[in-house]
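Trainee: One structure is given below, represented as structure tokens, and several questions about it will come after.
The values are calculated or read from the model by the stated rules, or taken from the named source; none is laboratory data. What you see is a predicted model; the values in this text were computed from it and never measured. Here the Cβ positions follow ideal geometry from the backbone for every residue, glycine too, while neighbour counts run over all protein chains shown. Heads up: the accessible areas ignore ligands, DNA and RNA and are worked out on the full protein's heavy atoms, side chains in. Shrake-Rupley method; radii C 1.70, N 1.55, O 1.52, S 1.80 Å.
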Amino acid sequence: MPTLEAADKAAGRVAYMGDLVIPGMAHAKIVRSPLPHARIVAIDAEAARALPGVVCVLTRDEVRADPDMEEIYGFVYRDAPLVAIDKARHQGDIVAVVVAEDAATAEEAAELVDVDYEELPAVMNVREALADGAPRVHEEFFPIAPELRPQAGTNICHHATIGCGDIARGFAEADFVYEDEFSAPPVQHCALDLHAVVAQVEDGQITVWTNCQSPFPLGRELERMFKMPARVIVPYVGGGFGSKSRDRLECVITAAAKLAGRPVRCVLSQEETFMTFIRPAYANRIQTGVKRDGTIVARRNTFYVDVGGYAISGARSANNTLKVATGPYRIPHAEVNCYAVYTNKPPSSPYRGLPTTQHTMAYEAQLDRIARDLGMDRLEIRRKNLVRDGDTHVTGDYLRSAHARECMEKAAAAIGWDAPLPASPDGKTLRGRGVSCTIKYTLTPARQMSENGAEIALGQDGVFEIRIGTVNIGQGSDTVMAQIAGDALGVGLDALRVVHSDTARVPVDSSTTASRSTYHMGRAVVEAAGVLKGRILEAAAQLLERGADSLALTSEGVEPEDGGGDGGGVSYAELARRVGSPLAAQGECIVGGTYDAPDGKTYPIASTFWTFASCAAEVEVDAETGQARIVQAAAAATTGTAINPRSIETQLEGGVGQELGPTLFEQMTWDESGQLLNAALLDYPLPTMETMPRYEPRYVDHPFEGGPFGAKGMGEVGAVVVPGAVLNAVYDATGVLFHEMPLLPHKILEALDAKSAAAQ
Amino acid sequence: MRPFEYIRPGAVGEASQILAERGDGAFLIGGGSAAVVMLRLGVVRPECVVDLGGVAGLRGIEANGALRIGALTPIRALELDGGARSRWGLLAEAASQVANVRVRNAATVGGAVAYGEPQTDTPTALTALGASVRAASAKGERAVPIGEFYLGPYETVLAPGEIVVGVDVPEPPPHTGGAHLKFTIGSPENKPVANASALVTLDPASGKCAGARAAMGAAGPTPVAAQAAEGLLGEFPSPERIAEVAAAAAEEADPMEDLRGPVWHKRRVLKVLVERALLCATQRAQA
């Protein structure tokens, strides 16, 4: 079904952050560092303050002068100052905030802030940052999440290792060991809805309106930073893809609002988003040991994630992907090493599954190399090694609903894998197909930190109000929660309304990230609905003087089960009025802990559920220009029960369409002095309708035990599987295996030239 | 964006006078597809924006001997114009490849010409067709051959206060075929890596080439008219000869390394585009 808000969105009746007007609000413009790494010698804001219409200018001096304002924020990794204190750590780092009566004045005044920078040597990539004697981006570390482990005296803000079996033995048992290095440059999420905040500090209370993906953790961080209660309200959001998962704007604009003494609005330009959060540069070394028959016996993946100038978001998301860096394969001996490294790039954040996407690219491309080398069919080598139910993952988890192989078969069949490719008589068009498979975790904190609540209340108007923290970011969460609540209560969608993501009105929820909402919030909604249903039946039974077990909920009201609808029941509006006290119930979803498997053993739970997915793609390469075009693609994912098939299909399609950009042509480019060259859509190519191939969505909907009506999450995997499939299709077409993306035409043509030169 | 004064003159003379008086402080916009982006990014920060949109008589296409195109004619109108499509097919084809339909509805022919961006499709096609640019000021109007109109990237021979009011495109002789091709990375909305136009006239009696022109975009600071195309004159335009001519044309190009790729690749792409455009033009001339 279409989402509940689809018609309103199409008609322009839905308000986004950009539409929000708070009476009396002033407008902020951020003064940003032009240099990637610089000591801030002095800031002269007098000329800006003197400009008519300027309300105030927030610099390090104002922050330091306020005893009730902490300097450093970050609810995952506390390393970001409200405004730069001693130095700027990336181009675009926030140095000051100018507040004025209108946006144009703020913009003009921002140019009048005179900052004296002393340029420092910058580390613009992981290699430079890890070199002996490299300049330090941060002199101190401030991890908050307990699993984060910085390396003293280096730029490594997190290093961790996991593994299973005995990796040395595994490689010793292998007939062949393959080693490859893969890499991918940063890209930006380019969500349509630009980062925007309105902050108000009034009567000892903070109210922040923002399009962030984590309202509750943000609210708590605001309370710590400013020592007063905070309310966070998130309207409809027009996409985030991870760029809005952590705070970068909210705390600093709140500080500006406190200084201004009135509400302050800040909306970033598209260009500024390139300096706010980006998908990090990634590099890895992957070694895989196989038997002659293609059985994988050992794999080591050592990967480096460039978190940029602040680890507020990037360090933990890199760490989370330790769990999936060896892929959806049965591997008895495995080891994964993660290095999250500070550099002087803009801060990194997740990006629709990141960096699972790059892990998948690496292990899937290498697997095609292995298959070709061993003379094996590419699907066959996967069939042999893909996990099945009851397998133990590298994390020690017992895998359930592991329909990895079914995903692959469905995706491959959808593009006609076995059909012959069209011939190219003149040899100028090279054609090929590729497939890739993945495994993705969901955010699974320790049990005591698990936070997922929902509340359902029957209003006086007879409508059930579902109160959830899930941010409606375009994924259709309101609709899915209403469907789940409706089914659990036994009422139709007309009797339901959803109130989302206002920390003062809904129970606590950790975030709208990592494909987690359908499962976690869905379970909380099911529990709340179950409790509420009992209360309503009891209340109606008292009112109607009948036994509760002879009554049932319908779309119209509570009716006798044998009543046939001709009286004897009570409408919800009447029930709510006559009961007087609110009819409401809360539910929650506690995750983590351990799993008691059918084999009688107890297993850890590193991820509440695992999502499996595959992509199959067919490409055409123009042998004369090096242009690769995706002719057709199909993605398949395990969804558990498909609550809203239409949303699942569009999520998968959106993921594929988005990831074709980074796979084929998107990349942020810096010059030698560390200046970003394409922080504007004029010079930063994005996929559009024209780049979409013929596309088939597929899903594998076996119910998942424990999920709400058997559902699990799948919001990211459509994107995650794209680069691997495309690299493999280009390998199939050209005989050249690429080790990096994007697959720019000149890179492909260069490789084709080298190949024909070698053949002569 | 900085606030600016907005002026919407009703006549070319008036617009020209404002531009001349205000000098660098004034910024002329037609359809605004490029100008608004420049304003928003702060690439230009004018005191006043002079909107040509209110000037009457600059919109429309007349096919009367030459194709006479008013400066404010949307690219989309050129793409769909019956006369242009039948006898100046190369130009209509180039117009149809500009960005996307929303941009083509806003962008104007005069704007595309006056902007002087070396990657833009329309000037390449106009170069192959040997068009002339009509420029007007309070002092009067003059016609400048397009080959002499550009001085460098975003630089033209327009004097202060002078405005492009139209483009005249001579009609290609009978038995002529034309084609325009572009190469973009990612979606067609992006600036092209390169583009090429070709125009081939055949002698129907002998089947030999009676006229050949090719032009290349993003091939140097201004549109490049490839002299090599004349090598086909008097010959049968075979695929082998066309390949040789295209290779020579690519050597005439002087592309720049930028975010869209290195020089060697652009040269290779230009060769391929010229070759394919000449082949396609030849086929169309035969049809």
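Trainee: Could I have the simple spin-label model distance between A:Lys9 and A:Arg292, label points 7 Å from Cα toward Cβ, reported in nm to one decimal?
Mentor: 5.6
Trainee: Select from segment A:668-706 all residues whose loss of accessible area on going from the chain by itself to the full protein assembly reaches 30 Å² or more (probe 1.4 Å).
Mentor: In segment A:668-706, residues shielded by partner chains: A:Leu682, A:Asp683, A:Pro685, A:Thr688, A:Glu690.
Trainee: Oh, and also: Please report how far the C-alpha centroid of segment A:347-413 lies from that of segment A:272-307, rounded to the nearest whole angstrom.
Mentor: 13
Trainee: Here's a follow-up. Before I look further, what does segment B:5-54 give for accessible area per residue, probe 1.4 Å, in whole square angstrom? Walk me through the numbers before you get to the answer.
Mentor: Working: 2390 Å² over 50 residues.
For segment B:5-54, the solvent-accessible area averages 48 Å² per residue.
Trainee: Further, regarding this structure: Would you mind estimating how fast chain B diffuses translationally, via Stokes-Einstein at 37 °C and 0.692 mPa s with the Kirkwood radius over Cα pairs, in µm²/s? Can you show the working numbers first?
Mentor: Working: Rh = 19.2 Å.
My calculation gives 171 µm²/s for D.
Trainee: I need two numbers for segment B:176-286: Rg to one decimal and Dmax as a whole number, Cα atoms only, in Å.
Mentor: 13.7, 48
Trainee: Taking only the C-alpha atoms, wrap a convex hull around segment A:475-586 and report its volume per residue in Å³ as a whole number.
Mentor: Values: hull volume 11.6 nm³, N = 112.
Measuring per residue, one finds 103 Å³ for the Cα hull of segment A:475-586.
Trainee: Related question: Pick out, in residue order, every one of the GluC sites (Glu not before Pro) in segment B:1-94 that is DSSP loop and has at most 16 other C-beta atoms within 10 Å; say none if there are none. Working shown, then result.
Mentor: Details: sites: B:Glu5, B:Glu14, B:Glu21, B:Glu47, B:Glu62, B:Glu79, B:Glu93; in loops: B:Glu47.
Taking segment B:1-94 and a limit of 16 other Cβ atoms within 10 Å, the loop GluC sites (Glu not before Pro) found are B:Glu47.
Trainee: Another one. Solvent-accessible area per residue for segment A:3-79 at a 1.4 Å probe radius, Å²? Present the calculation step by step, with values, prior to reporting the outcome.
Mentor: Values: 3490 Å² over 77 residues.
Using a 1.4 Å probe on heavy atoms only, each residue of segment A:3-79 averages 45 Å².
Trainee: Buried by at least 10 Å² relative to the chain on its own: which residues of segment A:613-642 qualify, computing accessible area with a 1.4 Å probe on protein heavy atoms?
Mentor: At a threshold of 10 Å² (probe 1.4 Å), the residues of segment A:613-642 that become less exposed are A:Asp622, A:Glu624, A:Thr625, A:Gln627.
Trainee: Would you mind checking which residues have amide H under 5 Å from A:Glu451's amide H? H placed 1.01 Å from N; only 5 or more apart, or other chain.
Mentor: A:Ser510
Trainee: Next question, about the same structure. Please report Rg (one decimal) and Dmax (integer) in Å for the Cα set of segment B:5-54.
Mentor: 10.3, 30
Trainee: In segment B:65-132, if the dipole is taken from +1 on Lys/Arg beta carbons and -1 on Asp/Glu beta carbons about the Cα centre, which of B:Leu90, B:Ala106, B:Thr127 is farthest to the positive end?
Mentor: B:Ala106
Trainee: Follow-up question, since we're still on this one. Over all residues in B:181-187, what is the mean tally of Cβ atoms on other chains that come within 10 Å of each residue's Cβ?
Mentor: Average per residue, whole number: 6.
Trainee: Quick one: with all protein chains in place, what share of the accessible area of chain A is carbon or sulfur, to the nearest percent (1.4 Å probe)? All intermediate terms of the calculation are to be shown ahead of the outcome.
Mentor: Working: 12880 of 26290 Å².
Accessible surface attributable to carbon and sulfur in chain A totals 49 percent.
Trainee: Roughly how many whole Å is it from the C-alpha centroid of segment A:582-659 to that of segment B:171-226?
Mentor: Cα centroid of segment A:582-659 versus Cα centroid of segment B:171-226: 47 Å apart.
Trainee: With the dipole of segment A:147-288 worked out from charges on the C-beta (+1 for Lys and Arg, -1 for Asp and Glu) around the Cα centre, which of A:Leu268, A:Pro150, A:Ala168 lies farthest toward the positive end?
Mentor: A:Leu268
Trainee: Another question about this same structure. For chain A, what is the relative contact order in percent, using Cα pairs closer than 8 Å and at least 6 residues apart in sequence?
Mentor: Details: 1961 pairs, mean separation 111.0, N = 760.
Relative contact order here is 15 percent.
Trainee: A further question follows. Express in whole angstrom the spacing between the alpha-carbon centres of segment B:70-94 and segment A:496-543.
Mentor: Taking the Cα centre of segment A:496-543 as reference, the centre of segment B:70-94 is 59 Å away.
Trainee: Let me cross-check A:Glu750: its accessible surface, 1.4 Å probe, with only protein heavy atoms counted, in Å² to the nearest 10?
Mentor: 100
Trainee: What does the convex hull of the Cα atoms come to per residue for the protein assembly as shown, in Å³?
Mentor: Taking the convex hull of the Cα positions in the protein assembly as shown, it is 204 Å³ per residue.
Trainee: Please state the charge dipole magnitude for the protein assembly as shown, taken about the Cα centre, from unit charges on C-beta atoms (+1 on K and R, -1 on D and E), reported in debye and rounded to the nearest 20. Working shown, then result.
Mentor: Numbers: 96 positive and 130 negative charges, 248 e Å.
For the protein assembly as shown, the charge dipole is close to 1200 debye.
Trainee: Taking only the alpha carbons of segment B:61-169, what extent do you get along each of the three principal axes, in Å, biggest first?
Mentor: Sorted from largest, the Cα extents of segment B:61-169 read 34, 29, 23 Å.
Trainee: Still on this structure: Might you work out the accessible area of A:Ser756 for me, using a 1.4 Å probe with all protein chains in place, and round it to the nearest 10 Å²?
Mentor: 60
Trainee: Rounded to the nearest percent, how much of the accessible area of segment B:61-169 (1.4 Å probe, protein heavy atoms only) is carbon and sulfur? Could the numbers behind the result be given before it?
Mentor: On the way: 1950 of 3950 Å².
After summing per-atom areas, the C and S share lands at 49 percent.
Trainee: What residue among B:Val274, A:His27, B:Ser238 has its Cα farthest toward the positive end of the dipole of the protein assembly as shown, where the charges are +1 on Lys, Arg and -1 on Asp, Glu, each on the Cβ?
Mentor: The residue sitting farthest along the positive end of the dipole is B:Ser238.
Trainee: Please give the total accessible area that chains B and A bury against each other, computed with a 1.4 Å probe and expressed in Å² to the nearest 100.
Mentor: Values: alone 12840 and 27370 Å², together 37960 Å².
Approximately 2200 Å², summed over both chains.
Trainee: If the limit is 29 Å between Cα atoms, which of A:Lys384/A:Lys712; A:Lys29/B:Lys182; A:Lys755/B:Lys208; A:Lys87/A:Lys227 go over it?
Mentor: On the way: A:Lys384/A:Lys712 26 Å; A:Lys29/B:Lys182 40 Å; A:Lys755/B:Lys208 38 Å; A:Lys87/A:Lys227 26 Å.
In this structure, A:Lys29/B:Lys182; A:Lys755/B:Lys208 lie more than 29 Å apart at Cα.
Trainee: When ligands, DNA and RNA are left out and all protein chains stay put, how many square angstrom of accessible area per residue does segment A:651-694 have with a 1.4 Å probe? Spell out each step's value before the answer.
Mentor: Working: 1780 Å² over 44 residues.
Accessible area per residue, segment A:651-694: 41 Å².
Trainee: Still on this structure, please answer the following. Checking buried surface per residue: for segment B:265-287, which residues lose a minimum of 50 Å² accessible area in the protein assembly relative to the chain alone (1.4 Å probe)?
Mentor: B:His265, B:Arg268, B:Arg276
Trainee: Follow-up question, since we're still on this one. Count neighbours as other Cβ atoms within 10 Å of each site's Cβ, and list the GluC sites (Glu not before Pro) in segment B:148-238 that are DSSP loop with at most 16 such neighbours.
Mentor: Listed in order of number, the matching sites are B:Glu235.
Trainee: Just to verify a number: what accessible area does A:Arg330 come out at with the full protein assembly present, 1.4 Å probe, Å² rounded to tens?
Mentor: Here the accessible area works out near 100 Å².
Trainee: Something else about it: Could you work out the relative contact order of segment B:5-54, using alpha carbon pairs under 8 angstrom and six or more residues apart, expressed as a whole percent? Intermediate results must be reported in sequence, preceding the final value.
Mentor: Details: 62 pairs, mean separation 28.6, N = 50.
Across segment B:5-54, relative contact order equals 57 percent.
Trainee: Segment A:44-151: which trypsin sites (Lys or Arg not before Pro) are DSSP loop and have at most 16 other beta-carbon atoms within 10 angstrom?
Mentor: Numbers: sites: A:Arg49, A:Arg60, A:Arg64, A:Arg78, A:Lys87, A:Arg89, A:Arg127, A:Arg136; in loops: A:Arg78, A:Arg89, A:Arg136.
Sparse-neighbourhood loop trypsin sites (Lys or Arg not before Pro): A:Arg136.
Trainee: Where does each of A:Asp368, A:Asp418, B:Asp254 land when they are ordered by accessible area, with a 1.4 Å probe and the largest first?
Mentor: A:Asp418, B:Asp254, A:Asp368
Trainee: What order do A:Tyr236, A:Tyr178 take when sorted by accessible area (1.4 Å probe), most exposed first? Don't skip to the end; give the middle numbers.
Mentor: Working: A:Tyr236 55, A:Tyr178 10 Å².
The residues order as A:Tyr236, A:Tyr178, largest area first.
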